[in-house]
């Protein structure tokens, strides 16, 4: 019986994780954590009967306690509650499907508690990879990627860990604005940016995919997950989302993981690693695909990707500034408070104005996030 804590249970990754739990029948959910969607969280709690549930917002948590008082479940709230959900003693593995930097501290404490991590929270490694990777090694736990691209790379490396990686080919779909000019991007609306051609994801990551900020974050994440330099990571656009990523070895051999655009495969692989299990769903039909195309992304149009490489190479708290500025800007774009190109402007502003810190501590990483928000808020006044 696989015993699992699930942080972010009402989001896209969280709900698909619970689909896998239903389909397999041998995973016990020990804890759940969410924030706003308490109606869905209550349904999940009644179905899976976890011993502990975290509702991050305290007011919503009080209401939730009343609604589930007939169940043998303890309800907690806030960051302390989130950490408690991540470190629940009965769990063996924690699926970190929270969106944003809120996921860092629970992940750190879960690692210290000896839990394996199924990582779907990019910000953890983007902002704190220099802290997380040594901590994983120190505590002897597994760090299993859930992102489709990183799972693909991880799968390609099975049986090849002793061989030198020459290059990682990190694939991108190109999003809804592949082939656009900067002038066309200046007219993009929220509705336009939320129409991803291949993947069904939450709003934040869908916007990030359209700007290619998401791919920039994945580049930074790959650097830490696979211990490679930024010069060894190449982003390639694969519009059909059939090749999920590739690894090139020093002898020139390239291994790729292919499949339909379905997040359940990387989620299930992380939960049952190294075992592969039957997964219902659509299969690739090579006779009907026709062709698989690969292109280079345009770094001048999708400037966020170029900035991400520079920020990753600079290190320190620069990735945190990049990430926090994007979070701030995307939240405002979704509320029609800034333009689509305003996302990139916010990133530039934050990188220009927030002081650089080399080798930041966790406290300094979190304080950098707040500094970014303050700088951008003042800039908007």
When residues of region 97-147 are filtered for being within 20 Å of residue 244 (Cβ to Cβ) and either in the same structural domain as residue 321 (by TED's automatic domain parsing) or not in a helix (DSSP H, G or I) (or both), how many remain?
10
Filter pass, residue 98 being in contact with a strand residue (DSSP E or B) (Cβ under 9 Å, 6 or more places away or on another chain) and crowded, with 22+ Cβ neighbours inside 10 Å:
yes
Among 63, 92, which is surrounded by fewer than 21 Cβ atoms within 10 Å (Cβ to Cβ) and either in contact (Cβ under 8 Å) with a residue 40 or more places away in the chain or assigned by TED's automatic domain parsing to the domain that holds residue 323 (or both)?
92
Determine, yes or no, whether residue 159 is part of a loop (DSSP other than H, G, I, E, B), assigned by TED's automatic domain parsing to the domain that holds residue 240 and within 22 Å of residue 309 (Cβ to Cβ).
no
Flagged in region 287-306 as surrounded by 15 or more Cβ atoms within 10 Å (Cβ to Cβ) and in contact (Cβ under 8 Å) with a residue 40 or more places away in the chain, in numbering order, are 297, 301, 302, 303, 304, 305
Kindly check whether there is at least one residue in region 193-210 that is crowded, with 17+ Cβ neighbours inside 10 Å, in contact with a strand residue (DSSP E or B) (Cβ under 6 Å, 6 or more places away or on another chain), at pLDDT 90 or above and not in a strand (DSSP E or B).
no
Given the condition touching a helix residue (DSSP H, G or I) at 6+ places or on another chain (Cβ under 8 Å), assigned to a loop (DSSP other than H, G, I, E, B) and touching a residue at least 12 places away in the same chain (Cβ under 8 Å), answer yes or no: does some residue in region 307-314 qualify?
no
Just to be sure before I move on: is residue 117 surrounded by fewer than 18 Cβ atoms within 10 Å (Cβ to Cβ) and within 17 Å of residue 226 (Cα to Cα) in the structure I sent?
no
Do we have residue 319 as part of a loop (DSSP other than H, G, I, E, B) and either touching a helix residue (DSSP H, G or I) at 6+ places or on another chain (Cβ under 9 Å) or assigned by TED's automatic domain parsing to the domain that holds residue 191 (or both) here?
no
Residue by residue through region 133-176, note down the ones that are touching a residue at least 40 places away in the same chain (Cβ under 8 Å) and farther than 28 Å from residue 107 by Cα.
163, 164, 166, 167, 173, 174
Looking only at region 211-228, count how many residues are in a loop (DSSP other than H, G, I, E, B) and crowded, with 24+ Cβ neighbours inside 10 Å.
1
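The values are calculated or read from the model by the stated rules, or taken from the named source; none is laboratory data. This structure is a prediction, so every number in the text was calculated from the model and none was measured. Counting neighbours? That spans all protein chains shown, and the Cβs are built from the backbone with ideal geometry, glycine included.
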